[in-house]
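S.K.: My questions will all concern the structure given below.
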Amino acid sequence: MKPFSELGLSAKVLAAVEAAGYSEPTPIQEQAIPHALERRDILGIAQTGTGKTASFVLPMLTLLEKGRARARMPRTLIIEPTRELAAQVEESFVRYGRDQKINIALLIGGMSFGDQDKKIDRGVDVLIATPGRLLDHFERGKLLMNAVEILVIDEADRMLDMGFIPDIERICKLLPVTRQTLFFSATMPPEITRLTEQFLQNPVRVEVAKPASAALTVTQRLVACQKVDSEKREALRRVIREETDLTNAIIFCNRKRDVATLFRSLERHGFSAGALHGDMDQRSRTAMLQSFRDNKIQLLVASDVAARGLDIPAVSHVFNFDVPIHAEDYVHRIGRTGRAGRSGKAFTLATKADKKYLDAIEKLIGTEIEWQGAPAAALPEEPADAAPSARRSSRRTDATGAGRTRVRKERPARTAEAGDEAAVPVVEAEAQPVAEPVAAVNDEPEVRAARPPRRARSESTPRPAPVERASAAPAPRAAPVDQNRGRGGDDGKAPIGFGDDIPAFMLIGTGAL
């Protein structure tokens, strides 16, 4: 392997690398740096934790020694998917460019526009930004990008695969056509590779490891557990306590709300824990990461915002509280441990329902992950959820209600009691004996037919007397008329209008009353 001195880097950069304690480049650095110094477009693929950031930082510092930046016109542009990655790249430029007068600006959300504008106005050699904040500055007229010489898209698969495609395309149209473009990522599926063809011109493909392969320094294990969250949390606490060599760890959850829940649970059980997710403001996220780096907290519960490119070399363990839905995320998550040649351990809590995700992960990394203890398939069946009340259960097949099935809870049959008229069977005018009590009647057709028919109200049934309204001078009522006359009664004629049965109120004022 060639030393750094044979890669073509400047003396100032070599001195900074030596001061940082590095003597030999990693495979991705050895192959990418010479091509970058030749101003070739590069598509770099390597395992996470292999030094991809230095693969573009070191040659950029060498190339930037010549020339000077102008106000609002950055010379180079680095696009990162998250604020944490952008801040980490800025730290690399500060570390390796300590002997050079390099102006660096960081454009990320959660920070003051005014402070960022001041840096841009002074002239920027290296502009590091997330896509949204970069376009915000451009639309406000504070930034011109027609002088960019080098464009770097870090974590290219995530930048292109997670909704940044329109922003990246727009940014690339604002840059000079003759620029140099560098793509670096740990995973590069064929679909994403085709997308990079519109951004790179005759690129050099630097691939030092199988795409999406896990680092050999990481010991991977699966832990079977039930799907119930409380049991998963108990399984996680058990595994943490069993790991005697654990110094610090990152625990990944799929959802932000689970991050907060698990963090509170760990604190209640006496663990030193912190939380990190995308809904936190930038100041809190930066402070939490710094506390983790300084060993003020031992466990960092995080969403996938911490899975991409964060360089915390001394992480001893990674725990996947949830199996990642996307197999590529698994590679990035476990890549937070076992970095820079160190050994690490990664445990993933899995249930029976996670089988398809585990199959995708094992297919991607090309190896089968061992189970610690019995596999998930050996777990007992989970108890079925309590059935909803039959009174409320319903199924509707379409919006109009067609095909609706409604199940109702059977009510106990009512028994006849004194004063309970509703329980007394209604019979015809000529009383008929009831063969069976009402409680014995069910819904079978033959029994239903045996029920005595409900009689109609007879003419002799008394009706309640109408309530008369008091008035000072009641109006005279019309003489009673034959109810059948004019109504198609005995004369067989069809009625005309109301016929002779005209309401009295319609005769008021006509002289008929």
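The values are calculated or read from the model by the stated rules, or taken from the named source; none is laboratory data. Small disclaimer: the values here were computed from a predicted structure and weren't measured. Ideal geometry is used to build each Cβ from the backbone, glycine not excepted, and the neighbour counts take in all protein chains shown.
S.K.: I'm trying to understand the selection: among the residues of segment 298-317, which are modelled with pLDDT of 75 or more and part of a loop (DSSP other than H, G, I, E, B)?
M.R.: Q298, S303, I312, A314, V315, S316
S.K.: What's the number of the condition I42 fails, among (1) surrounded by 20 or more Cβ atoms within 10 Å (Cβ to Cβ); (2) in contact with a Ser or Thr (Cβ under 6 Å, 6 or more places away or on another chain); (3) farther than 14 Å from G341 by Cβ?
M.R.: For I42, the failing item is (2).
S.K.: Name the single residue, out of those in segment 10-39 being of a type in the set (S, T, N, Q) and either within 13 Å of S55 (Cβ to Cβ) or part of a helix (DSSP H, G or I) (or both), that is farthest from the chain's Cα centre (by Cα).
M.R.: It comes out as Q31.
S.K.: Would you please name the residue that is modelled with the highest pLDDT, looking only at residues in segment 324-345 that are small (G, A, S) and at negative phi?
M.R.: My answer is G344.
S.K.: Answer yes or no as to whether V223 is over 22 Å from E30 (Cβ atoms), modelled with pLDDT of 90 or more and not assigned by TED's automatic domain parsing to the domain that holds A36.
M.R.: Here the answer is yes, as V223 does meet what is asked.
Let's see how each residue does on (1) at pLDDT 70 or above; (2) of a type in the set (D, E); (3) touching a Leu at 6+ places or on another chain (Cβ under 7 Å):
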residue: Y357; (1), (2), (3): yes, no, no
residue: E368; (1), (2), (3): yes, yes, no
residue: W371; (1), (2), (3): yes, no, yes
residue: A386; (1), (2), (3): no, no, no
residue: T397; (1), (2), (3): no, no, no
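S.K.: Is there any pair with a first residue in segment 363-391 that is of a type in the set (S, T, Y) and a second that is at pLDDT below 85 and surrounded by 10 or more Cβ atoms within 10 Å (Cβ to Cβ) whose Cβ atoms are under 9 Å apart and which are 6 or more apart or on different chains, and what are they?
M.R.: Partner pairs satisfying both residue conditions: T367/S213; T367/A214.
S.K.: Hey, R264 hits all of (1) of a type in the set (K, R); (2) at pLDDT below 90; (3) out of contact with any Gly (no Cβ under 8 Å at 6 or more places or on another chain) but one; which does it fall short on?
M.R.: (2)
S.K.: Then there's this: From the list I33, I108, I102, I28, which one is crowded, with 21+ Cβ neighbours inside 10 Å, in the same structural domain as R140 (by TED's automatic domain parsing), closer than 30 Å to D136 by Cα and not aromatic (F, W, Y)?
M.R.: Step by step, each of I33, I108, I102, I28 is checked, and only I108 is crowded, with 21+ Cβ neighbours inside 10 Å, in the same structural domain as R140 (by TED's automatic domain parsing), closer than 30 Å to D136 by Cα and not aromatic (F, W, Y).
S.K.: For segment 59-99, what are the residues that are β-branched (V, I, T), in a helix (DSSP H, G or I) and either surrounded by fewer than 19 Cβ atoms within 10 Å (Cβ to Cβ) or under 34 Å from the mean Cα position of the chain (by Cα) (or both)?
M.R.: V89, V94
S.K.: Could you grab me the full set of residues in segment 325-347 that are buried (at least 24 other Cβ atoms within 10 Å of the Cβ) and among the hydroxyl-bearing types (S, T, Y)?
M.R.: Y330, T337
S.K.: Every residue in segment 231-263 that is in contact (Cβ under 8 Å) with a residue 24 or more places away in the chain, part of a helix (DSSP H, G or I) and closer than 23 Å to M280 by Cβ, please.
M.R.: R233, L236, K256, D258, V259, T261, L262, F263
S.K.: Still on this structure: Given the conditions (1) touching a strand residue (DSSP E or B) at 6+ places or on another chain (Cβ under 6 Å); (2) modelled with pLDDT of 90 or more; (3) over 30 Å from K52 (Cβ atoms), report the number of the one that T348 does not fulfil.
M.R.: (3)
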